[in-house]
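To keep things clear, I will list the structure first and then write my remarks on it.
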Amino acid sequence: MGLDFTVVPEHLDVILLGCLWTIFIAVAAALVSFFGGIIFAVIALYAPWIIRQPFRLIEWVFMGTPLLLQLFLIYFGLVQIGIDLPAFVAGIIGLGLHFAVYNSELIQTAILSVDKGQMEAARTVGLSRGQALRKVVIPQAVRDVIPPIGNNMIALLKDSALVSVIGVSELTLSAQRAIGATYRPFEFYLVAAAFYYVINLCMEWVQRRIERRIAISR
Amino acid sequence: MTDTEHFVEIKHAQKSFGKLEVLKDISLNVARGQIVAIIGPSGSGKSTLLRAINDLDALTGGEIWLDGVQVNRDLPYRQYEKHINQMRQDIGMVFQHFNLFPHMTARDNVTMAPKLLKGLSKAEADALAEEQLDKVGMLERIDYYPSQLSGGQKQRVAIARALAMKPKLMLFDEATSALDPELVDEVNQVMKKLAEEHMTMIIVTHEMDFAASVCDRVLFMDKGVVVEEGPPSVVFKNPTKDRTREFLRKHLAGAK
């Protein structure tokens with residue numbers, strides 16, 4: 001029995017809807033991971049010891065355990081203590097924090113490698129340390145890590161398939177549903193793969209545009 | 001209460017890094033509008049002294065006063081941070097390596113702090129940027145990023161950035177040392193202009209000709225002490241101390 005893609009158009013609406021969910025979850029989680037990464041980095045570098053410790057625990061949990069387990073914990077585990085999140089929210093938080101921890105590592109290194117003269121120059125015109133970080137140091141650090149953060153975001157997009165296990169009808173789960181109706185796994189998994197590939201291309205394009213725009217200001 | 005004779009007052013400044021004493025009991029008065037050059041071999045403590053004036057390098061002993069207010073007051077941490085941020089608005093500083101903010105245009109480099117700290121509107125900030133950048137001859141490059149400017153142009157923007165806070169005192173830490181020789185003059189011209197406007201300035205420099213032409217007073221420092229001090233005509237032409245003579249001879253031989 002060969003490949004037969006004629007069954008695909010009939011189920012394309014489901015696949016496209018799944019595709020939109022994937023894009024939505026990936027973009028939302030990317031934003032969480034980006035700003036979360038900055039916040040984690042600043043806490044790791046500058047917060048007092050007492051505040052740093054709980055964040056080190058969070059960091060350890062999100063770096064040292066499988067993302068799948070983290071999603072189960074957030075979706076099924078939190079219900080037990082009365083926090084009942086919709087599946088897609090749990091997915092965004094899980095993916096977002098998981099990658100925030102990785103982004104934080106990158107941003108910490110970048111903050112430390114911003115020339116010391118930048119902080120000094122900002123302080124000499126009267127900025128506080130916090131203002132100098134916000135206006136001068138962090139914007140430069142973030143510019144320096146756009147390429148590796150972009151790589152993390154592509155990994156995030158691929159890992160977003162994991163949120164299918166907590167019942168979010170994103171691209172992978174939608175493909176599985178279409179397969180359930182047609183018994184055509186090869187065709188629909190290939191279609192899903194093609195969509196992931198296209199979304200990836202779009203992300204790379206956005207990243208290149210950002211990199212070009214900031215090239216002049218480094 | 002403002003005492004123009006003691007506009008900047010350094011009293012018994014002392015600074016150690018562990019056992020190493022880089023400033024040994026230095027006292028200095030600068031009158032309002034006066035221009036003082038600090039010269040000396042590297043490691044003499046001249047940059048450390050300059051950086052102590054706005055507390056970039058904290059003194060381990062002694063006092064710094066500006067216009068009747070003590071800069072390095074003994075206050076609890078949070079209060080001190082507030083106090084020093086306020087003081088630093090009155091003390092402009094220009095660095096050897098410019099330290100322009102690379103992610104901002106010349107305009108934003110100049111206006112960032114006034115907008116943030118003095119609450120200037122966009123129109124006021126733009127007017128300020130135009131005024132200050134015009135003063136240093138960089139108005140045509142107002143929307144350029146530092147990476148698009150030469151070293152001399154960067155340093156002129158850095159001077160405009162410092163002037164935008166309307167400081168009472170300007171500190172120059174080897175402002176032309178990192179520049180290609182042909183770019184030094186454009187920066188010196190700007191500093192001369194400030195001198196003509198009676199800006200109080202303390203200048204750490206290796207350029208004896210420039211120091212001789214604009215400064216009212218020259219300090220020769222070595223090993224953490226002021227060896228000799230006086231008007232440039234005396235310090236450069238008839239130094240009284242052997243150490244000064246030796247330094248000048250070596251320096252002039254190296255420069256020519």
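The values are calculated or read from the model by the stated rules, or taken from the named source; none is laboratory data. Remember, predicted model here, so these are calculated numbers, not experimental data. Virtual Cβ from ideal backbone geometry, glycine too; neighbours counted across all protein chains shown. Calculation scope for accessible area: heavy atoms of the full protein, side chains included, ligands and nucleic acids excluded. Shrake-Rupley method; radii C 1.70, N 1.55, O 1.52, S 1.80 Å.
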To the nearest whole percent, what portion of all C-alpha pairs in the range B:83-168 is separated by more than 21 angstrom? 21 percent
So how strong a dipole does the range A:83-218 carry about its Cα centre when Lys and Arg Cβ are +1 and Asp and Glu Cβ are -1, to the nearest 20 debye? 560 debye
Neighbouring partner chain Cβ atoms per residue of B:93-101, average, 10 Å criterion: 4
For the range A:88-218, what D do you get in µm² per second when you plug the Kirkwood radius from alpha-carbon pairs into Stokes-Einstein at 10 °C and 1.306 mPa s? 91 µm²/s
Long pairs among B:K46/B:K154; B:K82/B:K223; B:K46/B:K115; B:K15/B:K118, criterion Cα-Cα beyond 26 Å: B:K82/B:K223; B:K46/B:K115; B:K15/B:K118
Size of the protein assembly as shown along its principal axes in angstrom, Cα-based, largest extent first? 103, 47, 43
For the range A:104-175 and the range A:6-82, what is the separation of their Cα centres, given in Å? 15 Å
Among B:96-108, A:59-71, the order from most to least packed when residues are scored by Cβ within 10 Å on average: B:96-108, A:59-71
Which shape class applies to chain B: rounded if a/c is under 1.5, otherwise prolate when a/b exceeds b/c and oblate if not, where a ≥ b ≥ c are the square roots of the Cα gyration tensor eigenvalues? oblate
Could you give the semi-axes, largest first, of the ellipsoid that matches the range B:172-256, computed as the square roots of 5 times the alpha carbon gyration tensor eigenvalues and rounded to whole Å? 22, 16, 11
Chain B: relative contact order as a whole-number percent, Cα under 8 Å and 6+ apart: 25 percent
How big is the range B:161-212 by Rg and Dmax over its Cα atoms, in Å? 11.0, 30
List the residues of the range B:42-80 whose backbone N lies under 14 Å from a point placed 7 Å from the Cα of B:K241 along the Cα-to-Cβ direction. B:42, B:44-46
Given Cα pairs under 8 Å that are at least 6 residues apart, what percent is the relative contact order of chain A? 31 percent
Restricting to lysines and to Cα separations under 17 Å from B:K193, and discarding same-chain partners fewer than 8 apart, the set is B:K135, B:K166, B:K168
The distance between the Cα centres of the range B:54-105 and the range B:172-221, in whole Å, is 21 Å
So how exposed is A:F24, as accessible area in Å² (1.4 Å probe, rounded to 10)? 100 Å²
Report, to one decimal in Å, the Kirkwood hydrodynamic radius for the range A:81-158 based on all distinct Cα pairs. 14.5 Å
B/A buried area, accessible surface, summed, 1.4 Å probe, Å²: 2000 Å²
Show that you can apply the helix-only estimate: for chain B, add -39,500 (n - 2.57) for every DSSP H stretch of four or more residues, divide by all residues, and state [θ] at 222 nm to the nearest 500. -12000 deg cm²/dmol
